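Quick notes on the structure that follows.
Taken together, the values in this text are just the output of simple stated rules run on the coordinates, not laboratory data. Owing to the predicted nature of the structure, the values given are computational and were not obtained by experimental measurement. Virtual Cβ from ideal backbone geometry, glycine too; neighbours counted across all protein chains shown.
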Amino acid sequence: MQRTYEIMFIVRPDILDEDLDKLIAGLEANITHGGGSIKSLEKLGRRKLAYTVKKFNDGNYVLLTILADGSLVGEIERRLRVSEPVIKFISVRMDEEEKRVAKIKAIRATRKKLSAQPAAAPAAPVEAAPAPASEAASA
Amino acid sequence: MADEISTPSAPSTSRPEGSGSGSSGPGGRPPAGRPSGPGGGGRKFFRRKKVCKFCVEKIDAIHYRDVRLLQQFVAERGKIVPRRLTGVCTTHQRGLARAIKQARNIALLPFAARY
């Protein structure tokens, strides 16, 4: 089953740009061969690390959003683990979160429509008017 | 026993007055000495209702990447600030804690800040 994953990894800072590109290209090839597809690739550039990782204090962050199977993600993780220039990585499943956010947005949109609709505004007083009258009648 | 009960109430009554006028630091004793009189003094102290930032600003997804946002909910030493201090609602605190932990894992936030 294809799911959205976000893989962020840190490449050691003393790597050359070409090598970084080569590494990313290799990873991309891996994903496409494994039956996944790349949604976006973002090089976040050099950043200071919050703590020392393998004696490095800063690193090149790369963010990869992919559509892949769980098994393929496992394979990519294995590859990241063995590849020497990658010092840290994290893979996060995003599809459930996206679904949840979409749902919330949909609910919000419907609510906005109700309050913003001009037809709803006149309808409300008409409905409200008989209600007190009936209350008064019953009282 | 009666003294023990009255002493905790004394600081609570003196605190709002202390915040109201700066000169009542040493003068905080007299109001504490007559706790029975201005019992409403403690009531006057108004605590602003804390609101959940994520609910108010309608931030749906708490993502581990936006360090700026997460940093507001992390103490100086890198601890996650409890809900009772920040006013974040339960649902969002859960997501927030998860995001902070993910961010720590990828070295965007510290596990423990250096001194």
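So, counting K/R as plus one and D/E as minus one, what does the shell of residues with Cβ under 15 Å around A:Y5 add up to?
With Lys, Arg at +1 and Asp, Glu at -1, the neighbours total -3.
Compute the distance in nm between two label points, each set 7 Å from the Cα along the Cα-to-Cβ direction, one at A:I24 and one at B:R47.
With each label placed 7 Å out from Cα toward Cβ, I get 5.0 nm.
Setting aside same-chain residues fewer than 8 positions from B:K44, which lysines have a Cα under 28 Å from its Cα?
Output for B:K44: B:K53.
Would you list which lysines come within 25 Å of B:K50, measuring only between C-alpha atoms, while excluding same-chain residues fewer than 8 positions from it?
The qualifying lysines are A:K105, B:K58, B:K79, B:K101.
Kindly list the residues of the stretch B:83-110 that lie in the label zone of A:R100, defined by a backbone N under 18 Å from the point 7 Å along the Cα-to-C-beta vector.
B:83, B:88-104
Can you order the peptides A:65-73, A:35-43, B:85-93 by their average number of other Cβ atoms within 10 Å per residue, highest first?
Answer by packing, highest mean first, reads A:65-73, B:85-93, A:35-43.
Give me the compactness ratio for the stretch A:3-93, meaning the Cα radius of gyration over 2.2 N^0.38 Å.
Computed over Cα atoms of the stretch A:3-93, the ratio equals 1.03.
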